[in-house]
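The values are calculated or read from the model by the stated rules, or taken from the named source; none is laboratory data. Bear in mind the structure is a predicted one, so any value in this text is a computation, not a measurement. Because the Cβ atoms are built from the backbone with ideal geometry, glycine has one as well, and the counts that use them run over all protein chains shown.
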Amino acid sequence: MTALTTWPAHDPTTVALATTNAALIGSFLGGLGFRFERWPLVAGPRSAARAEDVLAAYRDPIERVARADGFAQVDVVALRPTGAPSFAATAAVARAKFRAEHTHADDEVRFFAAGRGVFYLHTRDATRGEEVHAVLCEAGDLLFVPAGTTHWFDMGATPSFTAVRFLHDPDGWVGDFTGSDIALRFPDFDTLACGGAAAAGA
């Protein structure tokens with residue numbers, strides 16, 4: 001289930017907000033400059049679907065977003081257990097790379113067609129102060145993270161997701177890493193996916 005958990009950036013033991021209400025997630029993130037949408041799931045594409053099948057299944061909403069925001073390229077990224085002996089090592093390397101705090105020169109926009117992952121958004125707001133917001137995304141979720149946002153992504157110890165990626169510039173998604181270890185202080189994907197964050201809010 002899609003979920004949002006918010007903590008003060010200096011205190012990962014205190015949950016300021018925890019909710020699975022999609023409307024609340026959208027309005028809360030919208031107030032901070034992000035965009036969250038729930039798209040109706042299309043029958044057919046699953047975690048093992050070919051990229052062209054995923055793009056065809058969601059063609060209309062993908063084209064809507066691409067036109068509205070001027071994206072020049074749309075592709076599909078996926079990682080899922082293969083049964084190969086090398087999968088664990090491959091997954092660990094990918095997880096470590098994206099779990100480190102970073103920014104991008106381009107907007108980071110992902111639509112999850114299958115599977116799950118957590119985006120952690122590190123914000124500094126004049127009213128709310130400095131916070132970390134964990135958005136547990138599942139199939140049907142679109143998240144728009146503006147360029148320059150400090151964040152990280154956790155795909156879990158056993159990644160399984162298929163996501164549509166929107167790009168203005170194919171080189172713009174390259175991460176500029178902050179060098180901070182803040183990601184290690186907050187509950188990871190596996191903890192949040194099991195409901196490990198205490199609830200505060202509705």
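Here are the numbers:
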| read-out | value |
| --- | --- |
| Whichever residue in the range 139-173 is surrounded by fewer than 18 Cβ atoms within 10 Å (Cβ to Cβ) and among the aliphatic types (A, V, I, L, M) and, among such residues, is nearest to SER27 (Cα to Cα) | ALA147 |
| Unique match (being in contact with a helix residue (DSSP H, G or I) (Cβ under 8 Å, 6 or more places away or on another chain) and either of a type in the set (Phe, Trp, Tyr) or modelled with pLDDT of 95 or more (or both)) among HIS122, HIS102 | HIS122 |
| Every pair of residues 6+ apart whose Cβ atoms lie under 8 Å, when the first sits in the range 146-169 and is over 19 Å from ILE182 (Cβ atoms) while the second is of a type in the set (Ser, Thr, Tyr) and part of a strand (DSSP E or B) | ALA147/THR103 |
| Every residue from the range 93-103 that is touching a residue at least 40 places away in the same chain (Cβ under 8 Å) and of a type in the set (A, V, I, L, M, F, W, C) | ALA94, PHE98, ALA100 |
| Close pairs from the range 51-70: first over 16 Å from LEU143 (Cα atoms), partner of a type in the set (Phe, Trp, Tyr), Cβ under 9 Å, at least 6 apart | none |
| Matching option when the condition is outside any helix (DSSP H, G or I) and touching a Ser or Thr at 6+ places or on another chain (Cβ under 6 Å), among ALA18, ALA49 | ALA18 |
| Failed condition for PRO81, given (1) touching a helix residue (DSSP H, G or I) at 6+ places or on another chain (Cβ under 7 Å); (2) at pLDDT 95 or above | (2) |
| The range 132-149, residues that are of a type in the set (Val, Ile, Thr) and either within 15 Å of THR191 (Cα to Cα) or part of a loop (DSSP other than H, G, I, E, B) (or both) | VAL135, THR149 |
| Test for PHE34: is it more than 19 Å from LEU4 (Cβ to Cβ), aromatic (Phe, Trp, Tyr) and surrounded by 13 or more Cβ atoms within 10 Å (Cβ to Cβ) | no |
| Of residues in the range 150-185 being touching a His at 6+ places or on another chain (Cβ under 8 Å) and in a loop (DSSP other than H, G, I, E, B), the one farthest from ALA49 (Cα to Cα) | THR178 |
| Residue satisfying all of: in the range 186-197; part of a loop (DSSP other than H, G, I, E, B) and of a type in the set (A, V, I, L, M, F, W, C); nearest to the chain's Cα centre (by Cα) among these | PHE186 |
| Failed item in (1) in a helix (DSSP H, G or I); (2) in contact (Cβ under 8 Å) with a residue 24 or more places away in the chain, with ASP106 passing the rest | (1) |
| Residue tally, condition in a helix (DSSP H, G or I) and either surrounded by 14 or more Cβ atoms within 10 Å (Cβ to Cβ) or under 20 Å from the mean Cα position of the chain (by Cα) (or both), over the range 65-100 | 14 |
| Odd one out for VAL54, checked against (1) farther than 21 Å from ALA22 by Cβ; (2) surrounded by fewer than 21 Cβ atoms within 10 Å (Cβ to Cβ) | (2) |
| Tally, over the range 111-137, of residues that are surrounded by fewer than 20 Cβ atoms within 10 Å (Cβ to Cβ) and either touching a Lys or Arg at 6+ places or on another chain (Cβ under 9 Å) or aromatic (Phe, Trp, Tyr) (or both) | 2 |
